[in-house]
Structures are given as structure tokens and as C-alpha cells.
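To start, the structure itself, in C-alpha cells.
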Amino acid sequence: MDEALFTLSLPENEPVLDYRPGTPERRTLKSRLEAIAAEEIEIPLIIGGREVRTGRLGCCVMPHAHGHVLATYHQAGPDEVRMAVAAAYEAWREWPRLPWPERVSVFLKAAELLAGPWRATLNAAAMLGQSKTIHQAEIDSACELIDFWRLNAHFVDRIYSVQPDSTLGIWDRLEWRPLEGFVLAVSPFNFTSIAGNLPSAPAMMGNTVIWKPASSAVYSGYLVMKLLREAGLPDGVINFLPGPGNIIGNELLSHAALAGIHFTGSTETFRHLWQTIGENISHYRSYPRIVGETGGKGFILAHPTADVPALVCAMVRGAFEYQGQKCSAASRAYVPDSLWPEVKNQLLAATKQIQIGDPRDFRNFMGAVIDEGAFDKIAGYISLAEQSPEAEIITGGGVDKSKGYFIQPTVVVTTNPRSKLMEEEIFGPVLTIYVYPSGEYEKTLALCDTTSPYALTGSVFARHRYAIHLAHRQLRYAAGNFYVNDKPTGAVAGMQPFGGSRASGTNDKSGSMLNLLRWVTPRTIKEAFVPPTDFRYPSMEEE
Ligand code: NAD
């Protein structure tokens, strides 16, 4: 079975289904939505393949109807963390020895299950548990996660085939070993695909993983775990450990066998994790790999030659889709005064058409924000705008958490381009605009570059090629994902590898080979077929 060099060709991206009325995918999805909403499940931890119940329970609710409980879940404490470390260690002795085609086949099978029989279930879970519209669920929980699994399997093949040159009589080889120890995967609430990818990517490279999902996305995380088990993931390769971040984090971050952390979430949490690793640096067996994709303050910057309808469409989709809860969301915009009256009219007209509500009503463009903490934080920024003499809310501003955590799409215009609203990550449906003098495009590029500590995504809209080129140069470090005449959200795995720098993360580009390279520690092997037997060199001979 091992007597061949197996290869995997580059897969196509999973097609996005459109769920138009009358389509079979729409019918199947509706019946899964009904079924999931009608039951309340109990979610255990999964450690070494065993279901573990602690009795310390948390709740999964619908953000748009927070009285509706979808599930209760058991939370890990220090004992379960120790069990998970032992299970990961046990699995580490077997999993990396499995030939890589067998290993990646688990994830290729998971991708097929998700593309087929699991698609509606995971999409319905994201719609109900994370308040995603069907389109947002489809591009995330279905397509992006399928793409991550298929593409990463291909990248494993590509990485393993990178080998050094050899000279005559010598064979040089690189062995792409997994890290020595366990990897901790800590995932955010906002993307099921990221939650699935954070533990899977290191596991595909032969590592074993402890996965702590976000408390507000345990429901879809559990289904991903079940799907991987159905695809044949062996016991202990990924251990599913919901629970309080600080308790789980503290136990694991000081463990000598911590070999890496694969994190996506806020900058604040990542800095805390990195600092804790720094404090424990002398306790580890190796230097843990630290990979973190964190916050953003996505921008859209329009040149006076920008195409206004395209700009407005990018603003609306970039700022308000998934309620602005994308790290890549357009959160600040710079519009020249020459275009502003037209942009304002079109933006107000478009925003007025947005419907918000329960994602089960497919006409809605927005659902609710994830939980009360997020709601209060976003509402705080809206109050700041209301009270500030430098800001004016030109549409939206309404908030209501009586039944669900609903926040209207809100557009603020500010006269202070360095106000908090232009600088800080809000992570909600709030777009702040600074109208700049048309003659000051270059100055505005510099302003955009230096205003926020983040550098994740950004777009420039212009027809003028010199203006586009200038933006490329001036904003070189302002965004890890830079768009020209397109919205700053919606990166597709394999096409636009994702990640930013500055305060936005380590920029290890999920959905690319670069990310997988962080989960290996290569061994160089040199074999001499006929080694020398005389220690003296010819230069040492007498004349
Ligand atoms: P968060 O930082 O609140 O939580 C992320 C994860 O960290 C959760 O699982 C949480 O439980 C865990 N956590 C919190 N404290 C911890 C601790 N002390 N030890 C261990 N784990 C701990 O982020 P969130 O609200 O879930 O997600 C939103 C954030 O994620 C935003 O800032 C967004 O920009 C960012 N994000 C970034 C990207 C990217 O690719 N750059 C993608 C998605 C989300």
C-alpha cells in the first residue's frame, strides 16, 4: 500500500448553492431548521473519543430569540483538561505513524460528508445558533470548511514533496515531523469554518489537538466534531473541550508539552495568551508555535474617480453582512467630498431596504448579534456617536435586546478621522465615514495607514490607475488582505489566503501552505552511502 508516491491535485472551490425558492437545497434546509429548533440536545466533552459529562452546564441559545434554548453543554474544568492532555499524548503515539494519505483521507471524507448529507445540518446550526442568514451560513459552515479540508489535504502533499538536492553518493531528505507535544486550538464564535480548521490543520500534519470552542458557538462546534468522528477521526486526535477560556487556557498554557497554539479571536485575548506563554517559557520542552489571527478595522477608501454604485454595494455588504461580526468587516470609510452627496443618497437608500430578523425568514439580510456582551459593547459605541459633537448618525442607531440582540445597520459620519469610531474594532453593524477634501487623496492614504493599530483588510475604490498604484504603495502594510474595487470581506480559501499583521495577528494565512508549515518541525536526514574512512584531507599531504 505504501509502494507509490501518492498525490492529490489542486481541488476546485466548493460551489456556493443559492437556495432560491423551489430548489431542493432550500427544501432540505427548511426541514433541518424545523427539526433542530424543535429539540434541545445535551452536548458532552469529547476526550479520547469518550463522551464526558461534568454537570457544570452552559446554554446554547438563538441570538435572535434568546429565550429559545438549542442545547445545554458540559463545561471542562482542570480535571478534564488533564484527561485531554493524556488522551492527546496517547493518540500522538499512533496518529503521526499513519501514512499521510490515510490521515488526510479522514478530512477528505469529512469534506464530502459536509458537501452532501451534513450540509443542511451544519448550515441550519449556524443559522440558529450564530444567527447567520442562509447565504452567510452557506459560504462559511459549508463552502469554506469544505475548502479548508480539501485544500489542506492537497497542501500536505505539496509540503511533503519539498525535498533538498543530493550529491553523488549522498541522499539528503527532509522529514516533515509533527510538533512534539499537543497543539491547543482556540476558536472564535463567528466562523464555523475557522472553528473546524483550527484543530484540523495541525491534525492533518500529524499533530494531536485539544480544541476549545467559543462558548457562544459550542453548538456548531459540536456538530463539526461529530462529523469528523463520522468521517473516521481516531480517538484522541482532536479532543473537544468547551468551557471557560481562562480555566482551560491557564491549565494548558503552562503545560510542558504545549507545542503550539492555533488561535483566532480578539487581539486582547491573543495578547494575554502570548504573554502567558512568555511567562512560562522556561517550562516548555520546545518553543511553542504561536499562530493567532485577531481583530481588524477594515477600511474602504474611495478615490474621486470611484464607481459610486460599486462603492456603495461594497459598503453595505462589507459593513452589515453577518451584522458586521467579521474580522474583515468594513468598519471605517474615507469618501471624497466631491462624491459624498451621491454616495450618501445611495447608501441611505440601500440601508433603508435592509430587513433584520430571524434568519429563518429568508428575506432578512441581517440577524442578531451573538450575545448580550456583544450587544452592550456595540450599543456603547452607538451612544458614543450619539453624544459626540464630532459625529452624526445618518441612519440606524436603534438597538433592542428584548427578544433577540438586534442592532440596526448604522452609519455615522465623523469630522474627526482619528476618533475612537475610526480606530477601534466595534465588531457590529456600525460604519463610520470620514469625508475628506477631494484634493487630499494622498494625505488621506497616510491618514488611513496610521489611524488604527489593526492591519487586516482594506479596499480602495478608483478608476484611475495611478491612484490604485499609489494606494498599493502607501497602504502596503495597512492590510494583509488588500482589495481593489471590491469589498474587504469574503476571502475564499486558496484564492485569497487570509490574515493580517500589526495588531491583527501573526499573518500565517489560513487556507494556504504557509499555515500548515507552522505545524511541522522538519528533520534533515543525510545519508552517506560510502563514508570516508581516513580523517586526513588532501591539503594536509606533504609537498
Ligand atoms: P474572543 O477573543 O472573545 O474569544 C476567542 C476564543 O478565545 C474563545 O474560544 C474564548 O473562549 C477564548 N478565550 C478567551 N479568553 C481566554 C483565555 N484566557 N484562555 C484561553 N482561551 C480564551 O473572540 P470572539 O469574540 O470569539 O471572536 C471575535 C474576535 O475574533 C474579533 O476580534 C475578530 O476580529 C476576531 N477574528 C479574527 C479573525 C481573523 O482571521 N483575523 C477571524 C475571525 C475572528
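The values are calculated or read from the model by the stated rules, or taken from the named source; none is laboratory data. Source: prediction; values computed, not measured. As a convention, Cβ positions derive from the backbone with ideal geometry for all residues, glycine included, and neighbour counts pool all protein chains shown.
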Working only within the range 221-268, note down all residues that are under 22 Å from CYS143 (Cα atoms), more than 13 Å from the ligand (Cβ to nearest atom) and not aromatic (Phe, Trp, Tyr). LEU223, VAL224, MET225, LYS226, LEU227, LEU228, ARG229, GLU230, ALA231, GLY232, LEU233, ILE238
Test ILE46 against the stated conditions and say whether it is within 30 Å of GLU80 (Cβ to Cβ) and assigned to a helix (DSSP H, G or I). no
Answer with yes or no whether GLU80 is charged (D, E, K, R) and touching a strand residue (DSSP E or B) at 6+ places or on another chain (Cβ under 9 Å). yes
So in the range 1-42, with the set limited to residues that are within 30 Å of SER161 (Cβ to Cβ) and charged (D, E, K, R), which one is modelled with the lowest pLDDT? ASP2
Can you tell me which condition ALA478 does not meet? The list is (1) within 28 Å of GLN130 (Cα to Cα); (2) of a type outside the set (Asp, Glu); (3) within 16 Å of the ligand (Cβ to nearest atom), and all the others hold. (1)
I need every pair where a residue in the range 420-434 that is touching a residue at least 40 places away in the same chain (Cβ under 8 Å) has its Cβ under 6 Å from the Cβ of a residue that is of a type in the set (Lys, Arg) and away from the ligand (no atom under 11 Å from the Cβ), sequence separation at least 6 or different chains. MET422/ARG332; THR432/ARG332
Residues that are outside any loop (DSSP other than H, G, I, E, B) and loosely packed, with under 11 Cβ neighbours inside 10 Å: does the range 475-489 have at least one? no
Taking the condition of being in contact with a Gly (Cβ under 6 Å, 6 or more places away or on another chain), more than 9 Å from the ligand (Cβ to nearest atom) and either among the hydroxyl-bearing types (Ser, Thr, Tyr) or at positive phi (or both), how many residues in the range 269-306 meet it? 0
Criterion violated by MET204 - all others in (1) under 23 Å from LEU5 (Cα atoms); (2) without any contact (Cβ under 8 Å) to a residue 12 or more places away in the chain satisfied: (2)
Top-ranked residue of the range 325-375 - restricted to ones that are more than 16 Å from the ligand (Cβ to nearest atom) and basic (Lys, Arg), ranked as surrounded by the fewest Cβ atoms within 10 Å (Cβ to Cβ): ARG363
For the range 488-508, state whether one or more residues are within 30 Å of SER438 (Cβ to Cβ) and among the charged types (D, E, K, R). yes
List the number of the failed condition for ASP147; all other conditions in (1) within 16 Å of the ligand (Cβ to nearest atom); (2) crowded, with 24+ Cβ neighbours inside 10 Å hold. (2)
Determine if the range 8-19 includes at least one residue that is buried (at least 17 other Cβ atoms within 10 Å of the Cβ) and in a strand (DSSP E or B). no
For the range 20-43, what are the residues that are assigned to a loop (DSSP other than H, G, I, E, B) and of a type in the set (D, E, K, R)? ARG20, GLU39, GLU40
Reported set for the range 458-480 where residues are closer than 11 Å to TYR441 by Cβ and among the hydroxyl-bearing types (Ser, Thr, Tyr) is TYR466
From the residues in the range 179-205 that are more than 10 Å from the ligand (Cβ to nearest atom) and closer than 18 Å to GLU251 by Cβ, which one is surrounded by the most Cβ atoms within 10 Å (Cβ to Cβ)? PRO199
In the range 490-535, which residue that is within 11 Å of the ligand (Cβ to nearest atom) and of a type in the set (Ser, Thr, Tyr) is farthest from the chain's Cα centre (by Cα)? SER501
Contact list please: Cβ distance under 9 Å, first residue in the range 243-260 and over 18 Å from ARG285 (Cα atoms), second residue more than 7 Å from the ligand (Cβ to nearest atom) and among the acidic types (Asp, Glu), pairs at least six apart or on different chains. GLY243/GLU80; ILE248/GLU80
Where residues in the range 493-507 are out of contact with any His (no Cβ under 9 Å at 6 or more places or on another chain) and surrounded by fewer than 22 Cβ atoms within 10 Å (Cβ to Cβ), which of them is farthest from LEU456 (Cα to Cα)? MET495
Enumeration of residues in the range 336-365 that are in contact (Cβ under 8 Å) with a residue 60 or more places away in the chain and touching a Gly at 6+ places or on another chain (Cβ under 8 Å): THR351, GLY357, ASP358, PRO359, ASN364
Loosely packed, with under 14 Cβ neighbours inside 10 Å, farther than 26 Å from ARG271 by Cβ and aliphatic (A, V, I, L, M), is that true of MET540? yes
Looking at the range 119-142, is at least one residue within 23 Å of VAL520 (Cα to Cα) and in contact (Cβ under 8 Å) with a residue 12 or more places away in the chain? no
Verdict on PRO437 being in contact with a helix residue (DSSP H, G or I) (Cβ under 9 Å, 6 or more places away or on another chain), surrounded by 19 or more Cβ atoms within 10 Å (Cβ to Cβ) and either in the same structural domain as TYR334 (by TED's automatic domain parsing) or over 18 Å from TRP340 (Cα atoms) (or both): no
Filtering the range 400-412 down to residues that are buried (at least 19 other Cβ atoms within 10 Å of the Cβ) and touching a helix residue (DSSP H, G or I) at 6+ places or on another chain (Cβ under 8 Å), which residue is nearest to SER131 (Cα to Cα)? TYR405
